[in-house]
Amino acid sequence: MFTPKRSLVVVIAVLFLGLSMIGCGAKQPAQPDIEPKSGGLQVVTSISILADITRKVVGDRGQVTYIVPIGEAPEHYEPVPSDFQKVSNADILFANGLGLEEWLGRIVSNVTHTEVAYLTEGAPTIPLVGRDGADPHLWFNVKLVTDHYISNILNALIRLDPEGEKVYRRNAELYTARLQELDAWVVDQVQQIAPDRRVIVTTENAFKYFGEAYGFDTAGVWELNSHGEGTPQQISQIVDLVREHRVPGVFIETTVDRRYMEAVAKDTGVPIAGKLYTDALGPEGSSAETYIGMMKYNVHTLLKGLR
Ligand SMILES: [Zn+2]
């Protein structure tokens with residue numbers, strides 16, 4: 001469903017490129033392909049969640065941007081020309097890995113001079129059900145962020161910018177302390193939900209790591225976002241499960257078409273209990289514009305919907 005908009009962006013980008021080439025007379029000095037790197041370390045991440053976590057470690061020693069826009073699922077993303085530029089301008093690209101960013105290969109094969117680091121490297125994973133591979137949504141377990149994402153970020157930054165080691169270590173320490181508080185807060189908050197009501201039913205079954213860490217069962221219309229999901233069989237399977245387990249409420253996600261879950265709610269009579277952030281942060285003013293804010297928003301939503 002994003003295709004028309006995307007091709008429009010490509011057309012505009014191509015037009016713009018064409019116009020700027022016409023605008024460039026032969027007498028003007030040639031523009032370098034890659035803009036000079038200024039303002040410290042330039043880091044680009046695949047998704048906004050990783051950008052926020054990375055920013056906390058980078059601090060003021062560099063700049064962090066991300067590729068997949070707010071509100072879009074990384075699994076469905078199609079890179080636009082400016083993404084190649086972003087990666088080309090960066091010292092390093094931080095990706096989540098585990099199949100979250102299948103489009104990354106296209107960028108990486110075109111921009112070979114920018115290093116890529118996968119932030120889930122070395123982390124324990126949960127396998128996908130009914131298909132090969134591991135679930136990539138590890139950031140929903142705060143401990144995996146402190147123990148793996150942050151240490152992978154830290155190692156890469158120190159390697160690229162050894163002079164900043166002290167600063168990066170200090171930043172990581174401060175942020176880790178905040179995340180440990182967050183982890184304890186989540187553990188404490190979810191106690192308000194009776195154990196038999198701790199079940200998260202979403203369109204994409206993206207809460208497995210959250211469920212494992214904080215004691216929830218999870219289910220989805222589908223396992224992982226990909227093209228062609230949401231078949232009538234998948235809908236009817238989740239409808240049966242919601243009925244059978246007397247699920248108190250189901251959830252929509254900010255990065256997935258809500259119509260699938262609306263169909264489930266309609267078929268089962270179970271209410272949509274709220275909206276969860278899964279693969280992207282929220283926009284300004286949503287109170288989910290940081291990783292910590294997003295986790296708290298989700299926990300508040302779960303409390304409201306399941307308590
Ligand atoms: Zn996802």
Which value, in debye to the nearest 20, describes the size of the charge dipole of segment 35-185 about its Cα centre when Lys and Arg Cβ atoms bear +1, Asp and Glu Cβ atoms bear -1, and nothing else is charged?
380
What's the exposure ranking of THR254, THR45, going from fewest to most Cβ atoms within 10 Å?
THR254, THR45
Segment 69-113: which GluC sites (Glu not before Pro) are DSSP loop and have at most 15 other beta-carbon atoms within 10 angstrom?
GLU102
In whole percent, what relative contact order does segment 192-306 give with Cα contacts below 8 Å and a gap of six or more residues?
23
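Rounded, prolate or oblate for segment 35-185? Axes are the square roots of the Cα gyration tensor eigenvalues, ordered a ≥ b ≥ c, and the cut-off for rounded is a/c under 1.5.
Verdict is oblate for segment 35-185.
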Would you work out which of LEU154, ILE70, SER226 lies farthest towards the positive end of the dipole of the chain? Charges go on Cβ: Lys and Arg +1, Asp and Glu -1.
ILE70
In degrees from 0 to 90, rounded to the nearest 10, what is the angle of the helix 259-268 Cα long axis to the longest principal axis of the chain?
0
Quick check: from the Cα gyration tensor, does the chain come out rounded (a/c under 1.5), prolate or oblate?
oblate
With a Förster radius of 22 Å, plug the Cβ-Cβ distance of LEU303 and GLU181 into 1/(1 + (r/R0)^6) and report the FRET value to the nearest 0.05.
0.75
Rounded to one decimal in nm, the spacing of the 7 Å Cα→Cβ label points at ASP240 and GLN192 is 3.6
Global form of segment 192-306, assessed from the alpha-carbon gyration tensor, a/c cut-off 1.5
oblate
Compute the angle between helix 232-244 and the longest alpha-carbon principal axis of the chain, please, reported from 0 to 90 degrees and rounded to the nearest 10.
50
Would you work out the relative contact order for the chain, in percent, from Cα pairs under 8 angstrom that are 6 or more residues apart?
16
In whole angstrom, note down how far apart the Cα centers of segment 89-122 and segment 213-245 are.
29
Run lengths n ≥ 4 of DSSP H only: what is the helix-derived mean residue ellipticity at 222 nm for the chain, with -39500 (n - 2.57) per run over all residues, to the nearest 500?
-13500 deg cm²/dmol
Suppose R0 equals 45 Å; then what is the FRET efficiency for ILE126 and SER82 from their Cβ-Cβ distance, rounded to the nearest 0.05?
0.85
Across the chain, how many lysine pairs, 8 or more positions apart or on different chains, have C-alpha atoms separated by under 27 Å? Please give the number.
26
For the chain, with the dipole built from +1 on Lys and Arg beta-carbon atoms and -1 on Asp and Glu ones, taken about the Cα centre, which of ALA206, LEU276, VAL111 lies farthest toward the positive end?
LEU276
Please report the relative contact order for segment 35-185, taking Cα pairs under 8 Å with a sequence separation of at least 6, and give it as a percent rounded to a whole number.
23
Are there trypsin sites (Lys or Arg not before Pro) in segment 213-258 that DSSP puts in a loop and that have at most 13 other Cβ atoms within 10 Å, and which ones?
ARG246
Between segment 174-192 and segment 41-58, how far is it from one alpha carbon centroid to the other, in angstrom?
21
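Here, each number is a calculation from the coordinates, and none is a lab measurement. All of these numbers come straight from a predicted model, not from anything done at the bench. Neighbour counts run over all protein chains shown; Cβ positions are idealised from the backbone, glycine included.
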